[in-house]
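The values are calculated or read from the model by the stated rules, or taken from the named source; none is laboratory data. Since we're looking at a predicted model, the values are computed, not measured. Cβ placement follows ideal geometry from the backbone for every residue including glycine, while neighbour counts extend to all protein chains displayed. Heads up: the accessible areas ignore ligands, DNA and RNA and are worked out on the full protein's heavy atoms, side chains in. Shrake-Rupley method; radii C 1.70, N 1.55, O 1.52, S 1.80 Å.
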Amino acid sequence: MADMLTVRVNGVVMCVPPGFTVLAALDRAGTRTCRTSVTGEPRGALCGMGICQECRVTIDGRSHERSCMTLCQDGMEIVTGD
Amino acid sequence: MIEADVAVVGGGPAGIAAATVAAESGARVVLLDEGATLGGQIWRRDVLAAPKGSAAAWLDRLAASGAEVLSGWSVFDAEPRRLVGFRGIVRFHQVVIATGARERFLPFPGWTLPGVTGLGGLQAMVKSGCDVSDRRIVVGGSGPLAIAVAASLAERGAHVALVAEQASWVQIRPFLFAILREPRKFMQGLDYALALHPGVVRFGTWVVGAEGRDRVEAVRVTDGRRTWRERCDLLAVGYGLVPQTELAALLGCRVEEAVWVDREQRTTASGVFAAGEPTGIGGVECALIEGQIAGLAAVGREVDHLETERFRGLRFKDVLKTAFELRNELRHVPRPETIVCRCEDVRLVDLEPFVDRRTAKLVTRCGMGPCQGRVCGDSLEFLKKWGPNEVRPPLMPTSVGDLAR
Amino acid sequence: MADADVIVVGAGIIGAACAYFLTQAGARVVIVDPTAPGTVCTAACMGHLVVMDDSEAQFALTAYSCRLWTDLAARLPRPAEYEPRGTLWVASTREEMAIAEAKSAFYRARGVEAHVVTQGEMAALEPALDSSLPGGLWVPGDSVLYATNAARWLLDQSGTTVLREEVVAMGGGRATLDDGRDLEASVIVNAAGAAAPALTTGLPIEPRKGHLAITDRYPGVLTRQTLELGYLASAHGQATESVAFNIQPRATGQMLIGSSREFVGFAPGVNRAIVGKMLERAQRFVPCARDWHVIRIWTGFRPCTPDNLPLIGPAPGDATVWIAAGHEGLGITTSLATGRLLADRWAARDSAIDPVPFAVDRVAAGAHG
Ligand SMILES: Cc1cc2nc3c(=O)[nH]c(=O)nc-3n(C[C@H](O)[C@H](O)[C@H](O)COP(=O)(O)OP(=O)(O)OC[C@H]3O[C@@H](n4cnc5c(N)ncnc54)[C@H](O)[C@@H]3O)c2cc1C
Ligand SMILES: Cc1cc2nc3c(=O)[nH]c(=O)nc-3n(C[C@H](O)[C@H](O)[C@H](O)COP(=O)(O)OP(=O)(O)OC[C@H]3O[C@@H](n4cnc5c(N)ncnc54)[C@H](O)[C@@H]3O)c2cc1C
Ligand code: FES
């Protein structure tokens, strides 16, 4: 597929179709944990619509971005454990 | 800066309908939505399927209407005649608030494990590319959404092991009668039922806990007499929908659970209309009617011809409200050590000394995190009958750079 | 029999500190407040415990009070979020370096540690600051606090009863509650913050509105409370509107961004224009702040007097009414000293600092510029 996008999830390169959210890229990478809570618990996406803030990750160096609201772009660098 | 006769906030069915009819009458209309693509919750763009049916028809009609569509445009602040978003400022004469609803979550032991999601939440994730094929999924909570989501998950190859609807069979009878009177809703319900294995749906059954190490592995459910365990890879639970009224409140509209509107969808604030879920949970048909009324009224057109359908919608809203009323037992599901505020990891026991939300927040940090009490506030409204959060700009986390502009 | 020796009206940080030291001095204290303790101005502040030098009297009060906080520090509970972060005063122009020099000399001469830092030294201390800034002043002894929980702890420690009632009048040895009841005591302390003039007519206190913005968590990006030297001009002038750069890294890893000052009465809404200026200024000093997510903005009303010094002591004309109000933007810092001064008066003992500059009759109402 020529129009696939290449992103990196915690350093690992993967391809996703356009229209996928960052959260979907994480899902495809087998990563369910997006961030670490203030007491150190693993957390993953809850609401899927931008409300709960549980899906925050670091995207291209910007921390606390909502992965469920952000579409993948070619070359994106995604890091979990926000 | 963008100038408009009518600005519509929210690109779900209500907002799409409002923007379309207002633009068709010749007004300069902008439609703003936070999402990367239009559609709102139910018509959210599906990465694997093109829009069909009424969604496709409305999206085509919107495209032809001349309304300007601005996606990825979160409105974080508003003042009379002015909306402020991540991408700039919109000046308007009339505004239609169609900000939809969010899910109500109720805490239960283990609900913070990754893999425990909302109902609509999981559906949205699937539409945006998450894969559920061959996953064993338990669906829980309440409302028509539970069955709809379960059916759509099954369609995507998931193994739906159980749908636990907290309302009893008897309680939802009025809802079933209402559905019988509406052919479209009835046919849809039938579709859903056929997509699921017989016996999967259980009424009067609710989730009491999730288990797992780093992710959910099993769920415990009860019907009040018997409690059992179901293995699962994902657990989707939501206890109905809550109108998103924050933007309306910021603009000074009267809000009591939902935004108050008159027969033309006019709020109590001048030049401000509201349509769809912010005015009370009623589903997509209701949202489309209210959206059209708001869009027409905003450009000074007659709305009488839609009055009957509007009333039908209002009746349906009432039915929904009582048919899926949350049972008292749900108040006793969270344990003292269960986290209530997920942003700040505040536990139920930490809230015990307090009688009001503000003091509890100031002392324990409950509701102080980035979601600003959107999640814990809705659950505490049910658990402790605490009043709503005070609304302030920004409506969502907003960068210093955007706020300084 | 009287209901108490002392009735304290208002359970903000000031009332709490008064209750704390008065009970230590042996007084039986009742505190009256219709709202939960520490949830009015005390909940709206930054909680910077800072030595300031607008006047000798202000320096004496703030330095003394900061010492009292340091003494208490080890006992404060974790939710009080006490942290000895120190203050980095930043010069925005070469000319302001002269202010840093003068301030340093003033502090050192009075026994408070302070160091002038060069451009390079400042960049090493706080790499997030704009590297073109010329330098500043480092005062290591200052600290930060979460004032609501500190106030509640002070109240708990004092063991005072808190009556959730509103006081509608005070004087002649009694406080009248809104249900018509009278409470009697030999002294009534008016610690009602910005609302104090409603209970003691003629007090020259006006609300001075301030905005703060709190961000998501960015731990370690800044480690010191960092503010501009020009802050003094903003705080201590009586201009109708001003902003200054001020960022406080919290124990949570969040950044608290200030600050603004306005005289607009009690209008609690967010003033977008002034918030814009405030955040613009934050970005100018800390460029990476541009990407920080602000999660909430709020406002509070500093109880402001014409000379920026609090009113501490008996009210003119009624020896049973004592005032402990008007602490403007320093009430968290100066609360402990205020409580001590009143407790000293109650116990008829000498105070560690001269109370005369804070006497209530020194300034007249309506003297605001
Ligand atoms: C998570 C979820 C899933 C659902 N799934 C289904 C389903 O499968 N089937 C079904 O029948 N019903 C479903 N519903 C119910 C559905 O919401 C309604 O029936 C219908 O979509 C209501 O339309 P609406 O236009 O009022 O709101 P929505 O469709 O919710 O649209 C609101 C839009 O406003 C936008 N918005 C909100 N605030 C702002 C802001 N400040 N700035 C910019 N944009 C903003 C949102 O991004 C959203 O796109 C779901 C609801 C939720 C919450
Ligand atoms: C934006 C901002 C930032 C600040 N930053 C700092 C800082 O960094 N460092 C610092 O030292 N200070 C700071 N301050 C100042 C500090 O917050 C105040 O000086 C301090 O909180 C004043 O305390 P208070 O007890 O007098 O007032 P309050 O906390 O307002 O308490 C007064 C109490 O009196 C009660 N009351 C009022 N009327 C009645 C009545 N009729 N009967 C009974 N009770 C009544 C109220 O309910 C309230 O609880 C800041 C203030 C603001 C607004
Ligand atoms: S999952 Fe809730 S904000 Fe993304």
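Of C:23, C:35, C:42, which residue is open to solvent by 20 Å² or more (accessible area, probe 1.4 Å), β-branched (Val, Ile, Thr) and within 6 Å of ligand 2 (Cβ to nearest atom)?
Only one candidate passes the filter, namely C:35.
Could we say that residue A:48 is away from ligand 1 (no atom under 16 Å from the Cβ), in a loop (DSSP other than H, G, I, E, B) and closer than 25 Å to residue B:134 by Cα here?
Taking the combined requirement at face value, the residue does not satisfy it.
Return yes when residue C:331 is crowded, with 23+ Cβ neighbours inside 10 Å and either over 18 Å from the mean Cα position of the chain (by Cα) or within 27 Å of residue C:200 (Cα to Cα) (or both) and no when it is not.
Taking the combined requirement at face value, the residue satisfies it.
For the stretch B:370-387, enumerate the residues that are more than 7 Å from every other protein chain (Cβ to nearest Cβ) and under 28 Å from residue C:259 (Cα atoms).
B:373
Considering only the stretch C:45-85, state which residues are within 14 Å of another protein chain (Cβ to nearest Cβ) and open to solvent by less than 20 Å² (accessible area, probe 1.4 Å).
C:47, C:80
Mind telling me which of the residues B:359, B:338, B:322, B:308 ends up being assigned by TED's automatic domain parsing to the domain that holds residue B:389, out of contact with any Lys or Arg (no Cβ under 9 Å at 6 or more places or on another chain) and of a type in the set (S, T, N, Q)?
B:359
Quick one: which strands (runs of 3 or more DSSP E) lie wholly within the stretch C:155-237 and hold at least 1 residues that are without any contact (Cβ under 8 Å) to a residue 60 or more places away in the chain, farther than 23 Å from residue C:337 by Cα and open to solvent by 30 Å² or more (accessible area, probe 1.4 Å)?
C:167-171, C:174-177, C:182-184, C:206-217
(1) among the β-branched types (Val, Ile, Thr); (2) in a loop (DSSP other than H, G, I, E, B); (3) within 11 Å of ligand 2 (Cβ to nearest atom): which one isn't true of residue C:264, the others all being true?
(3)
Of the numbered conditions (1) over 20 Å from residue B:116 (Cβ atoms); (2) free of Cβ contacts under 8 Å to residues at least 60 places away in the same chain, residue B:291 satisfies every one except a single condition; which is it?
Answer for residue B:291: the failing condition is (2).
Within the stretch B:158-177, can one find any residue that is away from every other protein chain (no Cβ under 14 Å), open to solvent by 30 Å² or more (accessible area, probe 1.4 Å) and at positive phi?
Scanning the stretch B:158-177, I find no residue that is away from every other protein chain (no Cβ under 14 Å), open to solvent by 30 Å² or more (accessible area, probe 1.4 Å) and at positive phi, so the answer is no.
Being in contact with a helix residue (DSSP H, G or I) (Cβ under 8 Å, 6 or more places away or on another chain), away from ligand 1 (no atom under 15 Å from the Cβ), open to solvent by 50 Å² or more (accessible area, probe 1.4 Å) and not acidic (Asp, Glu) narrows it down to one residue among B:50, B:63, B:27; which is it?
Answer to the selection: B:50.
Just wondering, is there one or more residues in the stretch A:40-58 that are touching an Asp or Glu at 6+ places or on another chain (Cβ under 6 Å), surrounded by 21 or more Cβ atoms within 10 Å (Cβ to Cβ) and either more than 7 Å from every other protein chain (Cβ to nearest Cβ) or touching a residue at least 60 places away in the same chain (Cβ under 8 Å) (or both)?
Scanning the stretch A:40-58, I find at least one residue that is touching an Asp or Glu at 6+ places or on another chain (Cβ under 6 Å), surrounded by 21 or more Cβ atoms within 10 Å (Cβ to Cβ) and either more than 7 Å from every other protein chain (Cβ to nearest Cβ) or touching a residue at least 60 places away in the same chain (Cβ under 8 Å) (or both), so the answer is yes.
Consider residue B:400 carefully, then state whether it is within 11 Å of chain C (Cβ to nearest Cβ) and crowded, with 23+ Cβ neighbours inside 10 Å.
So residue B:400 fits the description; yes.
What single numbered condition from (1) touching a Ser or Thr at 6+ places or on another chain (Cβ under 8 Å); (2) open to solvent by 40 Å² or more (accessible area, probe 1.4 Å); (3) closer than 22 Å to residue B:378 by Cβ fails to hold for residue B:301?
It is condition (3) that residue B:301 fails.
Picking from B:216, B:138, which residue would you name as being open to solvent by less than 60 Å² (accessible area, probe 1.4 Å), in a strand (DSSP E or B) and at negative phi?
B:138
In the stretch C:343-359, is there at least one residue being open to solvent by less than 10 Å² (accessible area, probe 1.4 Å), part of a helix (DSSP H, G or I), assigned by TED's automatic domain parsing to the domain that holds residue C:153 and of a type outside the set (D, E, K, R)?
Yes - at least one qualifying residue is present in the stretch C:343-359.
Just give me the residues in the stretch A:11-39 being of a type in the set (Gly, Ala, Ser) and within 7 Å of chain B (Cβ to nearest Cβ), in sequence order.
Listed by number, the residues that qualify are A:19, A:24, A:37.
Provide a single number: the residues in the stretch B:196-212 that are on the phi < 0 side of the Ramachandran plot and not in a strand (DSSP E or B).
5
Considering only residues that are assigned to a loop (DSSP other than H, G, I, E, B) and either within 16 Å of ligand 2 (Cβ to nearest atom) or without any contact (Cβ under 8 Å) to a residue 60 or more places away in the chain (or both), which ones fall in the stretch B:246-259?
Matches in the stretch B:246-259: B:254, B:257.
Restricting to the stretch A:18-30, name every residue that is part of a loop (DSSP other than H, G, I, E, B) and either open to solvent by less than 40 Å² (accessible area, probe 1.4 Å) or within 14 Å of ligand 1 (Cβ to nearest atom) (or both).
Answer for the stretch A:18-30, where residues must be part of a loop (DSSP other than H, G, I, E, B) and either open to solvent by less than 40 Å² (accessible area, probe 1.4 Å) or within 14 Å of ligand 1 (Cβ to nearest atom) (or both): A:19, A:20.
Among the residues of the stretch B:348-364, which ones are open to solvent by 40 Å² or more (accessible area, probe 1.4 Å) and either more than 14 Å from chain C (Cβ to nearest Cβ) or within 21 Å of residue A:34 (Cβ to Cβ) (or both)?
Of everything in the stretch B:348-364, those that are open to solvent by 40 Å² or more (accessible area, probe 1.4 Å) and either more than 14 Å from chain C (Cβ to nearest Cβ) or within 21 Å of residue A:34 (Cβ to Cβ) (or both) turn out to be B:349, B:352.
Going residue by residue through the stretch B:260-271, is there one that turns out to be open to solvent by less than 30 Å² (accessible area, probe 1.4 Å), at pLDDT 95 or above and not in a loop (DSSP other than H, G, I, E, B)?
no
How about the stretch B:311-329: which of its residues are part of a helix (DSSP H, G or I), touching a residue at least 12 places away in the same chain (Cβ under 8 Å) and under 20 Å from the mean Cα position of the chain (by Cα)?
B:313, B:314, B:315, B:316, B:317, B:319, B:320, B:321, B:322, B:323 - these are the residues of the stretch B:311-329 that are part of a helix (DSSP H, G or I), touching a residue at least 12 places away in the same chain (Cβ under 8 Å) and under 20 Å from the mean Cα position of the chain (by Cα).
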